[in-house]
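Right, one structure below, let's go through it.
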Amino acid sequence: METKKIKLAFFGAPDFAADVLQDILEDKEIPIELCFVVTQPDKPVGRKQIITPTPVKEVARVNKIPVLDSLQSPEIHEKLKQVDLVLLYAFGEIIPSQMLKIPRWGFWNIHPSLLPLYKGPSPIAYPLLLEDKKTGVSLVLMDDRLDHGPLIGQEEYIIQETDTRDLLENRLSKIGYKLFKKYIQILISGAFQKNEQNHSHATNTRLLTKQDGFVAYPIFQKIIKGEDLEKEDTPSIVGEFCTKYEAFLSPPRLSTMYYSLFRALSPWPGLWTKVSLSGSEKRLKITGMTLQNGKQQVTKVQLEGKKEVDLHTFRMAYASFLNL
């Protein structure tokens with residue numbers, strides 16, 4: 001006897017959410033019927049501000065899946081009544097509580113951290129920022145509070161020294177899909193369970209900003225010259241989190257904290273500083289960093305208006321002007 005398919009809707013927006021959507025469409029082992037997709041509206045992208053659909057919308061269009069690009073779409077409530085379950089991953093918007101109750105099995109959220117740690121919009125960056133040894137993925141039954149609902153399942157991931165945020169996004173997304181697939185099969189078998197989070201251990205992240213990647217020039221000089229950093233040189237995004245949650249953690253090592261920041265903010269917003277050349281201020285991007293003998297080292301930079309070069313080449317050209 002053929003298993004009845006679960007009618008599914010998918011909510012998401014960025015490229016790594018699109019990868020999970022693609023996995024759903026390609027996987028023939030689970031009985032899923034993807035009914036429609038909800039994503040964010042088209043937005044201007046790049047220097048030319050070209051109006052561009054989200055990666056999730058692009059995947060849905062290619063596969064001829066109906067798309068809604070707003071929670072305010074007049075047909076969304078009726079469509080939700082026709083599905084059994086919604087899977088949400090990096091949607092970027094709060095779902096109204098009355099909407100959460102419409103599908104038979106509610107909304108499941110793939111959250112790329114080991115909840116209750118790192119709730120909020122930047123859960124992949126913060127374990128890198130804080131030099132955690134591990135992170136992971138949580139599958140959550142959503143309630144009306146942010147990343148608060150009961151846990152359906154979790155899986156850990158051991159962070160590699162070379163992991164950057166973009167690499168980690170891809171790896172955790174793969175784990176997230178495997179979790180979803182596993183618990184869909186458990187749901188079908190009738191053995192579905194969930195467990196409340198330990199909310200006393202909750203921590204919250206915030207949206208990353210361009211300013212989070214700014215490195216004051218005197219600190220940049222210290223890193224270049226291999227000089228020791230002081231506590232007051234701690235990046236502000238790290239300092240604010242450690243101050244807020246000092247009972248849960250200790251700050252990252254001074255000798256590696258900017259390498260950790262580089263990993264967490266790669267590829268956007270990246271690390272950057274400002275230099276004065278010929279009477280004008282220019283932006284200098286730090287495009288490559290590594291660890292050598294336990295100390296952080298800049299390997300590549302890109303001066304505003306110039307091509308990326310290795311640090312040795314840059315110092316040969318500008319050392320006398322920039323005290324490097």
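Scanning segment 300-314 for residues that are surrounded by fewer than 16 Cβ atoms within 10 Å (Cβ to Cβ) and not in a strand (DSSP E or B) gives E304, G305, K306, K307, E308, H312, T313.
Screening N63 with (1) out of contact with any helix residue (DSSP H, G or I) (no Cβ under 7 Å at 6 or more places or on another chain); (2) surrounded by fewer than 18 Cβ atoms within 10 Å (Cβ to Cβ) gives one miss only, at (1).
Considering only segment 213-235, I want to know if a residue exists there that is closer than 30 Å to L21 by Cβ, surrounded by 14 or more Cβ atoms within 10 Å (Cβ to Cβ) and among the aliphatic types (A, V, I, L, M).
Checking segment 213-235: not a single residue is closer than 30 Å to L21 by Cβ, surrounded by 14 or more Cβ atoms within 10 Å (Cβ to Cβ) and among the aliphatic types (A, V, I, L, M).
Residue-by-condition table, conditions (1) of a type in the set (F, W, Y); (2) in contact with a strand residue (DSSP E or B) (Cβ under 9 Å, 6 or more places away or on another chain); (3) without any contact (Cβ under 8 Å) to a residue 40 or more places away in the chain; (4) not in a strand (DSSP E or B):
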site	(1), (2), (3), (4)
K222	no, no, yes, yes
I237	no, no, no, yes
R253	no, no, no, yes
P267	no, no, no, yes
T273	no, yes, no, no
V298	no, yes, no, no
A319	no, no, yes, yes
L324	no, no, no, yes
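Counting only residues that are more than 14 Å from the chain's Cα centre (by Cα) and under 21 Å from N195 (Cα atoms), segment 89-108 holds 9 of them.
For beta carbons closer than 6 Å, sequence separation of 6+ or different chains, a first residue in segment 113-133 that is at positive phi and a second that is buried (at least 22 other Cβ atoms within 10 Å of the Cβ) and not basic (K, R), the qualifying pairs are Y118/Y126; E131/S260.
The residues of segment 83-98 that are surrounded by fewer than 17 Cβ atoms within 10 Å (Cβ to Cβ) and in contact with a Phe, Trp or Tyr (Cβ under 9 Å, 6 or more places away or on another chain) amount to a single one, E93. On the basis of being touching a Lys or Arg at 6+ places or on another chain (Cβ under 6 Å), surrounded by 13 or more Cβ atoms within 10 Å (Cβ to Cβ) and closer than 19 Å to D163 by Cβ, does P252 make the cut? For P252, the condition - touching a Lys or Arg at 6+ places or on another chain (Cβ under 6 Å), surrounded by 13 or more Cβ atoms within 10 Å (Cβ to Cβ) and closer than 19 Å to D163 by Cβ - is not met.
All of the numbers you see were taken from the coordinates with simple rules; none came from a lab. Here the structure is a predicted model, which is why all the values come from computation and not from measurement. Cβ coordinates were reconstructed from backbone atoms using ideal geometry, including for glycine residues, and neighbour counts include every protein chain displayed.
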